[in-house]
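The values are calculated or read from the model by the stated rules, or taken from the named source; none is laboratory data. In this text the structure is predicted, and so the values were computed from the model without any measurement. Cβ: placed from backbone, ideal geometry, glycine included. Neighbour counts: every protein chain shown. All accessible areas refer to the heavy atoms of the entire protein, side chains included, with ligands and DNA or RNA removed. Shrake-Rupley method; radii C 1.70, N 1.55, O 1.52, S 1.80 Å.
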Amino acid sequence: MDRDDTLARARGGDAAAFASLVRQHQSMVFSLALHMLRSRPAAEDLAQEVFLELYRSLPRLESGAHATSWLRKVTGHRCIDEIRRRQHRPEFQVEEMPERGIFPVAREVFLADRVQRLLAGLPARARMVVVLRFQEELEPAEIAETLDMPVNTVKSHLRRSLAVLRAKLMPQGPQV
Amino acid sequence: MNIEPDLQRALRRQPAPPDFADRVLARIDVQASPASRRSPVRQWLAAAAAAALVATGAAQYYTYQQSVAEAERIRQDIRLALQITSEKLALVQARVDASLSDSQR
């Protein structure tokens, strides 16, 4: 059963098809929320709200691809609103994270955590642009469409965010 | 410094929590309007919820029975341990008594 067929059946009231639609997209929606909010319970709550809205919006969705882009758009806007509402801030400074003299596997874990903490310091819209670029591998034009912003603004957010992240991730001295 | 691979690794997709889709369906059932209560979706969801409740109840009953059996097994172990200790103490007591009576002679 392809995605268009699943959507058509869900629109017709088939709960199993709607459940299938949720399972097809739950990792994307949950991960976008998790990378933006950095809290699993908050990410799950937001993702559930997005799928409830999807259920109410089924009659307006035309295809499986439309459902995917709709989910990205709604999740993106909800995440930005949620961050602005809560004024999320990093829990503690990145300088506290271990950096040198650790095993490669541990380094990768710490690096991922460090990148996420640095991302949390970016403004909400800039953060969403980076998450859509690197989690979903969207092109700037697709991000612009998703977040309803000009392509040049997306490129500007990406350029400035990467410069900030690069500067903060740059090694300060020789590795032990 | 090329940080893009690090960003891709740090931001790769994570799996949603287990039973995420079931929880979404349960919320749809709760929030369904009265007009939709007789719809096939609602009937399907009610049947799924009932099946989930039965399964949850059975699982909890099974867990409870396992706990009862485990408690009984522990009780038997403690009883056996006390019995062995009691026998050992009786043996020690007998030896002490014998030793005392020998020294009094």
Would you call B:Arg42 within 10 Å of chain A (Cβ to nearest Cβ), in a helix (DSSP H, G or I), at pLDDT below 85 and surrounded by 10 or more Cβ atoms within 10 Å (Cβ to Cβ)? yes
Could you tell me which of the residues B:Gln83, B:Gln93, B:Gln65, B:Gln8 is within 14 Å of another protein chain (Cβ to nearest Cβ) and not hydrophobic (A, V, I, L, M, F, W, C)? B:Gln8
Of everything in the stretch A:36-54 that's of a type in the set (Gly, Ala, Ser) and open to solvent by less than 20 Å² (accessible area, probe 1.4 Å), which residue is nearest to the other protein chains (Cβ to nearest Cβ)? A:Ala47
Could you identify the single residue in B:Ala94, B:Ala10, B:Ala48 that is over 26 Å from the mean Cα position of the chain (by Cα), surrounded by 11 or more Cβ atoms within 10 Å (Cβ to Cβ) and small (Gly, Ala, Ser)? B:Ala10
How do the pairs read when you match residues in the stretch A:58-81 that are farther than 17 Å from A:Leu138 by Cα and open to solvent by less than 50 Å² (accessible area, probe 1.4 Å) with residues anywhere that are of a type in the set (Phe, Trp, Tyr) and assigned to a helix (DSSP H, G or I), using Cβ under 8 Å and keeping only pairs 6 or more apart or on different chains? A:Leu58/A:Phe18; A:Leu61/A:Trp70
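If I ask for residues that are in contact with a Lys or Arg (Cβ under 6 Å, 6 or more places away or on another chain) and more than 7 Å from every other protein chain (Cβ to nearest Cβ), which ones from the stretch A:1-35 would you list?
A:Ala17
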For the stretch A:33-80, enumerate the residues that are basic (Lys, Arg) and under 18 Å from the mean Cα position of the chain (by Cα). A:Arg38, A:Arg40, A:Arg72, A:Lys73, A:Arg78
What helices (runs of 4 or more DSSP H) lie completely within the stretch A:59-168 and have 1 or more residues being of a type in the set (A, V, I, L, M, F, W, C), more than 18 Å from B:Arg12 (Cβ to Cβ) and modelled with pLDDT of 85 or more? A:64-86, A:124-134, A:140-147
